[in-house]
1. How about the stretch A:305-325: which of its residues are more than 7 Å from chain B (Cβ to nearest Cβ) and among the hydroxyl-bearing types (Ser, Thr, Tyr)?
2. If you check B:Ser51 against the conditions, is it crowded, with 20+ Cβ neighbours inside 10 Å and among the hydroxyl-bearing types (Ser, Thr, Tyr)?
3. Starting from residues that are within 14 Å of chain B (Cβ to nearest Cβ) and β-branched (Val, Ile, Thr), keep the ones in the stretch A:38-80 and report whichever is farthest from B:Ile34 (Cα to Cα).
4. Which residue out of A:Ser417, A:Ser426 is in a loop (DSSP other than H, G, I, E, B) and not acidic (Asp, Glu)?
5. Which of the residues spanning the stretch A:425-455 are at pLDDT 90 or above and in contact with a Lys or Arg (Cβ under 7 Å, 6 or more places away or on another chain)?
6. All but one of (1) assigned to a loop (DSSP other than H, G, I, E, B); (2) surrounded by fewer than 17 Cβ atoms within 10 Å (Cβ to Cβ); (3) of a type outside the set (A, V, I, L, M); (4) touching an Asp or Glu at 6+ places or on another chain (Cβ under 9 Å) hold for A:Lys84; which doesn't?
7. Could you tell me whether the stretch A:159-167 includes any residue that is modelled with pLDDT of 90 or more and over 30 Å from A:Gln451 (Cα atoms)?
8. How many residues are buried (at least 16 other Cβ atoms within 10 Å of the Cβ) and of a type in the set (Phe, Trp, Tyr) if we restrict to the stretch A:95-110?
Amino acid sequence: MMRIIFFLLILTLSMAATAQNKQLLYNFDDLPQTLLLNPGAETNFDMHFGVPFFSQIHLSAGSSGVNMFDIFKDDGGSINDRIKESLHKLSRNDFFTLNQQLEIFSIGWRDNKKRYYTAGVYQEMDAIVYFPKDPAVLAFEGNKDHIGKNFDFSDAAFTADVLNVFHIGFTNYYSKDLNYGFRGKIYSGVFNAHSVDNQGIFRTELSPEGPNLYRHYMSNVDVLIKTAGWADLQDSKDDISNRELMSNLVKKAFLGGNIGLGLDAGFTWYPSDQYRVTGSILDIGFMRQSKNVENYRYYGDYQTDGIELLFPGTREYWDEWEDDLDRNLKDETLTNSYTTWRPVKLNASIDYGFSENAEPCNCYRPMGRRRYFNHLGAQFFAIKRPRGLNYATTIYYDKTFNENLRGKITYTADSFSFSNIGLLVSTRLSNFNVYLAADNLLDYTNLAKAQNASIQIGFQLMFSRE
Amino acid sequence: MSLKKTLSKIAFLTILLVFSSCVKDVDLDQAEDIVLTPEAAIDLVYFTITSEDFAPGPGVVETARDETRLDFLDDDYIQNSLVQADFNFRFTNTFESPLTATINFVSPGNAVQHTIIIPVPQGSIGSPATVDFTEIINENQINRVRRSIKVSVEITRHEPLAIAGSLQLESKGFYYFEFE
């Protein structure tokens, strides 16, 4: 069992990117998905309708410290030695992320005042696990060779969310040089697990002044794992059929579970015809976790020298020791509601257009200016995580080959690597659009060596009023 | 460029991406070989006894005896994953009498599973005798510890008249695990 857990941990860890960065889709005004990244983005169509469940499939995983090859390479050496080596290479600030999104429904249309409205539903799974350095060393090596060392429980921190997002937004055409937009979101939580701000240490020290050889300390311990949407699954897993389980999950996904609210905002500004500046802030929002809450807390202070024999004592030494332990280190299961904040994301970019596109423009769209076939730009992305912001910086080249084919190539530097090349291709067959985006292409020849990888693919109908 | 050609290009790129991506030079079957081998260092029992703690034993000697349950020996991690245990006992004797310490690991049915006998030489208050003794319970013997739930300690004082002084014990265990 222990082996399976460790295998899954390593696999997750070794697969896991600034997972929510969609540098390929950002500023790509041929696709409605760019509006999910910047509600103030300009778009180059007048109506869209996503193929349900297929308009955006996004999967991204990353690991800031180790990759699958580091652990599982086939070099005849010992996997346990490699795990031990990685254990000491990784720090408490290394992390593993997994992000998946599936657009269930997506629609948008432009009104006569050039405003673009969108509505839709997408499902999202997002998890970040920081490497629990000290607990991992304790579990893997024990305390024998670490006498006097503090094993710090604050190293353990993770969040995980599965939710549906119902959204409605609009992009306002303010002038030919400025668009701005907002999107309101209702989050419908299926599952949440949240454990940050843990504290406490375990230490074993030599005790020359004490009654025994060592003294063991558990000091200022307060470990709290909050969960929502987990308890009822656990309680009912043996008693209900798969259909009932599915029905329970679908109910939670469609506003029958925990609810939250959020807001996206963004803008596009043209300081001149050729320069474009954009920015957005996404998921300024919270979720109130009040249904199916089960929180596990372990807290207190304790120190022990072992068991003292009193010749003769009560001979209930063990029970007395355990009672003393339980009085001082307590575990509780609580059901009190809690609030989680969504991981706020920030995008900003500047780009330069060249090779003018002189084809006639569509006057319903906010394009009362020159357009270009090529854009060269830089984008900055940040996401708020439990231990601060994670950043990524991208430079990109976006080329329109013709009205049916457009591509984008990106180079990104982030917490995971400095060698992330991405490619997006989008094409239209009449009103049917297909796009495919993937990054970390250099690692595609051997994904085992990738620190992270992400892919987006989608199909939709798009219409223009000519 | 015709639409057909465009779509063909996209399909080609997709196929190229999917088929050129692979996982190489790794052997995931090695997961079978993952073993966690933590080594724990944990205090065991301790005491300080004086002549008042002794009672007449067989013959001319006096004995002092006590025991404690160690319920953790029955826990799953010991039963399934403990492969070696080193028990370290440190005696400090200021009795002017040689002593013998007998440490028994005892099953729930009170059957002795493993015995450690440690002679402690005579000391004095001004010049304590110390003994640092380590008993290594290897893989072949580890079931003796797994079958145990109690530890008893019996001290025999061979010179009952040497009543001044005390005996101090400090002890610890190193536990070697293999979690598979």
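1. Scanning the stretch A:305-325 gives a single hit, A:Thr314.
2. So B:Ser51 does not fit the description; no.
3. Filtering first and then ranking leaves A:Ile57.
4. Working: A:Ser426 fails: in a loop (DSSP other than H, G, I, E, B).
The unique qualifying residue is A:Ser417.
5. A:Ser426
6. The one condition A:Lys84 does not meet is (1).
7. yes
8. Of the residues in the stretch A:95-110, the ones buried (at least 16 other Cβ atoms within 10 Å of the Cβ) are A:95-104, A:106-108, A:110.
Filter once more, keeping what is of a type in the set (Phe, Trp, Tyr): A:95-96.
Total satisfying the criteria: 2.
The values are calculated or read from the model by the stated rules, or taken from the named source; none is laboratory data. Because the structure is a prediction, the values reported are computed rather than measured. Cβ: placed from backbone, ideal geometry, glycine included. Neighbour counts: every protein chain shown.
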